[in-house]
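Quick notes on the structure that follows.
Where a number appears in this text, it was derived from the coordinates with a stated rule and is not lab data. Only a predicted model underlies this, so the values are computations on that prediction, with no experimental measurement involved. No Cβ is skipped: glycine too gets one built from the backbone with ideal geometry, and neighbour counts run over all protein chains shown.
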Amino acid sequence: MAIKLYGTAASTATLRAKACLAEKGLDYEFVNVNMSNKEHKTPEFLSRNPFGQVPAFEDGDLKLFESRAITQYLAHAYPDNGTNLIIHDPKKMAIVGVWIEVESQKFDQFGSKLAWELAYKPMFGLTTDDAAVEENEKKLEQVLDVYESRLSESKYLGGDCFTLADLHHLPVLKFLFGTKAKRLFDARPHVSAWAADIQSRPAWVKAITA
Amino acid sequence: MALKVHGTVGSPATFRALAALHEKDLDFEFIPVNLSAKEHKSPQFLAHKNPFGQVPVFEHGDLKLFESRAITKYVAEAFADKGTSLIHKDPKKSAIQTVWTEVEAQKFDPTVAKLGWEIVLKPKFGMTTDEAVVAEFEKKLEPLLDVYEKRLTESKYLGGDSFTLADLHHLPTLQGIMGTKVKSQFDARPHVSAWASDILSRPAWVKVASMLTK
């Protein structure tokens, strides 16, 4: 099969790429990377991702890594497949670009740290650092306040339609919603409605159950 | 239609946006934002410019953008035929450029900016450098630069054969760190060292950096 995704089901970055493949309705082979066996640090895997991280991606002879580079490639290379995840109007796409950066530069920092403390650490039998949780929740709340304002003016973060700007949030949302951090989202009506909407998309449901 | 940048001299994010504008030979109005007067946290700034209260903010007619890497991307695409080409048009080459643009955003910047904060900025603000943090992040930088060294052995620039946003985005934090002891890590890797010298000496960047001495 031309498209291959190398990753693990528990990795937010892998899920980000999976979400995009599902939205585009593309066939691909999923190759599980055994991280407990340190498969991601083998020379073979390092030739796919020199940073030794999942996911790694192939489309024919094109090899990529970094989940948000993979999603952007898919969105542009397969514009007519499945959901349109970008906007062709340059000015509208520039605004999508702003909110893609916001997820990458602001939401993910604090969201991922909270997911690590509240969701992953218990999974690995490690102890949650309550001070880190408090600190990151406070910072995430400031970001979510801006989201609340944005989403009261715009149905989705990038504009009227669901785009990569929203999709990139899905994996971290999935993990945070299984923890007490969900209350930060519930406390903000527009954020809450948006989070519920995007997490109920059939493609996302498929991506996390397949 | 007028181009405007609201920003601050010395702000890496502001300089990132300005670098792209100069590479494209674009005329624009630079409107200084007074960070020490907390202008960026005023209700008007938050409501009409950047709800996160940060610089830079970019305007092209009625289009308003924030986040420096969204600004550079828009400029690179909207003015594709002007000045230096900062993107690849071929979809596969573009995808590879995007990989390294992500590497800068996700890996290089968080590590190097942290070092810059501790070593350069904290003393400027009368705060004490945390040497433990410096040691920790210097240790993180080494394997990162090893990957860069390997990449730059195979490729003239990070994103491919030509200078693109994937390289440009590094300039502000790179400039800052090269004035510190961390420069030794770059000097120790010949391809990284050559690449860093090359991009830091580009006329468009020199123009931006010279704003610091004015």
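Kindly provide the chymotrypsin sites (Phe, Trp or Tyr not before Pro) of region A:1-99 that DSSP labels as loop, not H, G, I, E or B, and whose Cβ sees at most 16 other Cβ atoms within 10 Å.
When the chymotrypsin sites (Phe, Trp or Tyr not before Pro) of region A:1-99 are filtered for loop state and at most 16 Cβ neighbours within 10 Å, A:Phe51 remain.
In units of 2.2 N^0.38 Å, what is the alpha-carbon radius of gyration of region B:15-125?
In units of the globular-protein estimate, region B:15-125 measures up at 1.22.
³J(HN,Hα) across region A:88-99 via Karplus (A = 6.51, B = -1.76, C = 1.60, θ = phi - 60°), whole Hz, x for Gly/Pro?
These are the phi-based 3J(HN,Hα) values: 7, 5, x, 6, 5, 5, 4, 5, 4, x, 4, 6 Hz.
Taking B:Lys181 as the anchor, which aspartates and glutamates have their alpha carbon closer than 16 Å to its alpha carbon, excluding any fewer than eight residues away along the same chain?
Within reach: B:Glu118, B:Asp130, B:Glu131, B:Glu136, B:Glu138, B:Glu142.
Past the 19 Å Cα-Cα mark, which pairs from A:Lys155/B:Lys4; A:Lys139/B:Lys41; A:Lys24/A:Lys206; A:Lys18/B:Lys73; A:Lys92/A:Lys139?
A:Lys155/B:Lys4; A:Lys18/B:Lys73; A:Lys92/A:Lys139
Running Debye on region B:91-207 with equal point scatterers at the Cα sites and no solvent, what base-10 log of I(q)/I(0) appears at q = 0.14, 0.15, 0.19, 0.24 Å⁻¹?
-0.57, -0.65, -1.01, -1.48
Using Cα positions and a limit of under 16 Å, work out the lysines in reach of B:Lys183, with same-chain residues fewer than 8 apart set aside.
Within the straight-line limit of under 16 Å, B:Lys183 reaches these lysines: B:Lys114, B:Lys139, B:Lys140.
With +1 on each Lys and Arg Cβ and -1 on each Asp and Glu Cβ, and nothing else charged, work out how big the dipole of region B:91-207 is about its Cα centre, in Debye to the nearest 20.
Roughly 280 debye for region B:91-207.
Where does chain B land at 222 nm, in deg cm²/dmol rounded to the nearest 500, when only DSSP H runs of n ≥ 4 count, each adding -39500 (n - 2.57), divided by all residues?
-14500 deg cm²/dmol
For B:Lys92, give me every one of the aspartates and glutamates with a C-alpha distance below 16 angstrom, ignoring sequence neighbours fewer than eight places off in its own chain.
A:Glu58, A:Asp59, A:Asp61, A:Glu66, B:Glu102, B:Asp161
Run through the DSSP bridge list for the protein assembly as shown and note the antiparallel percent, rounded to the nearest 5.
Around 70 percent of the beta bridges assigned by DSSP in the protein assembly as shown are antiparallel ones.
Could you give me D for the protein assembly as shown, from Stokes-Einstein at 37 °C and 0.692 mPa s, where the hydrodynamic radius is the Kirkwood radius over C-alpha pairs? Units µm² s⁻¹, please.
147
Within region B:106-166, which chymotrypsin sites (Phe, Trp or Tyr not before Pro) sit in a loop by DSSP and count at most 12 neighbouring Cβ atoms inside 10 Å? Write out the running numbers ahead of the final one.
Numbers: sites: B:Phe108, B:Trp117, B:Phe125, B:Phe137, B:Tyr148, B:Tyr157, B:Phe163; in loops: B:Phe125, B:Phe163.
Answer in residue order: B:Phe125.
Using the scaling law 2.2 N^0.38 Å as the reference, what is the normalised Cα Rg of chain B? If you can, show how the numbers build up before the last one.
Values: Rg = 17.3 Å, N = 214, 2.2 N^0.38 = 16.9 Å.
Rg over 2.2 N^0.38 Å, computed on Cα atoms: 1.02.
If I model chain A as equal point scatterers sitting on the Cα atoms and use the Debye formula, what is log10 I(q)/I(0) at q = 0.14, 0.17, 0.18 Å⁻¹?
Cα-only, vacuum Debye calculation for chain A: -0.86, -1.24, -1.36.
Semi-axes of region A:146-189's equivalent ellipsoid from the Cα gyration tensor, sqrt of 5 times each eigenvalue, largest first, rounded to whole Å?
Value: 20, 14, 6 Å, ordered largest first.
Normalised by the number of residues in region B:91-207, what is the relative contact order in percent for Cα pairs under 8 Å and 6+ residues apart?
The normalised contact order for region B:91-207 reaches 32 percent.
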